[in-house]
Amino acid sequence: MKDDARKNNTVLARFSAITRTVAALVLVSLVSACAQSSTENVIDQERLAIALLDVEQKQSRGQRVWCVPYARNLSGINIRGNAKDWWGKANNVYERGDEPVVGSVMSFRATRGMSLGHVAVVSDVVTDREVVVNHANWSRNKVSLKMGVMDVSKNNDWTLVRVESQPGQYGRAYPVNGFIYPKDSG
C-alpha cells in the first residue's frame with residue numbers, strides 16, 4: 001500500500017502546474033455541470049482546458065504564445081490571421097456587435113503600441129460597463145485569466161476600454177472594434 005502511494009506521488013510530481021490546472025478545470029467543469037441546470041453564461045471549461053494545454057505545449061517547445069490561437073481555441077471562432085484583421089474577417093461569417101457576451105471575442109483595434117491588434121475572450125459580464133476576459137500575450141508569452149476590462153467610452157458602447165494589468169490596476173485606454181459572437185453549437 002505504501003509503495004502504491006509513493007508511486008502515485010511520483011506520477012503526480014511529473015505533471016506540470018498547467019497540466020494539473022487543466023485537469024482541475026476539467027474536473028470542476030464536470031462537477032459544476034452536474035450542479036447547474038444551465039451552462040449559459042459560463043465559459044466552456046473543456047475549451048479552456050484545450051486552450052491551456054495548447055499553450056503549455058507551445059511553451060514546452062520554446063514557442064511563442066499568441067492571442068489569436070488562444071482565442072480561437074477558447075471561443076471556437078475559427079478565424080485565422082492577425083488579431084487586427086479578425087473584425088473584418090468575421091463580417092458575414094459570425095455575428096458581431098457592441099454588447100459583451102460570455103464566450104464572445106473582444107476585438108481590439110491595432111494601435112501604434114499594439115500594431116497587430118489583440119483579441120480576448122469574455123469569460124464573465126460583471127456589469128454593463130465591466131467584463132472579465134481570458135487572453136494570451138497581454139503579458140508577453142503568458143496567459144492571463146480573469147482579467148477585468150472596463151468600458152470607458154463616452155457613449156457606453158465598448159469602443160474604448162481599459163484592461164486590468166495587475167489586480168485592481170487598470171492601464172491606459174485601448175480602442176475596440178466590438179465583439180464577435182461564436183456560432184451556436186446546436
Selection count, region 81-120, where residues are under 19 Å from Ala51 (Cβ atoms) and of a type in the set (Ser, Thr, Tyr): 3
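Give me a count of the residues in region 149-159 that are touching a Lys or Arg at 6+ places or on another chain (Cβ under 8 Å) and either assigned to a loop (DSSP other than H, G, I, E, B) or within 19 Å of Gly113 (Cα to Cα) (or both).
Keep residues of region 149-159 that are touching a Lys or Arg at 6+ places or on another chain (Cβ under 8 Å), which gives 149-152, 156.
Going one step further and asking which of them are either assigned to a loop (DSSP other than H, G, I, E, B) or within 19 Å of Gly113 (Cα to Cα) (or both), we end up with 149, 152, 156.
Looking only at that region, the number is 3.
Any residue at all in region 99-107 that is acidic (Asp, Glu), buried (at least 16 other Cβ atoms within 10 Å of the Cβ) and over 15 Å from Trp66 (Cα atoms)?
Scanning region 99-107 turns up no residue that is acidic (Asp, Glu), buried (at least 16 other Cβ atoms within 10 Å of the Cβ) and over 15 Å from Trp66 (Cα atoms).
Tell me, which strands (runs of 3 or more DSSP E) lie completely within region 58-148 with 2 or more residues that are touching a residue at least 40 places away in the same chain (Cβ under 8 Å) and touching a Cys at 6+ places or on another chain (Cβ under 7 Å)?
Filter on region 58-148 gives 118-127, 130-136.
Here, each number is a calculation from the coordinates, and none is a lab measurement. What you see is a predicted model, and the numbers here were worked out from it, not measured in a lab. Heads up, the Cβs are rebuilt from the backbone with ideal geometry, glycines too, and the neighbour counts pull from every protein chain shown.
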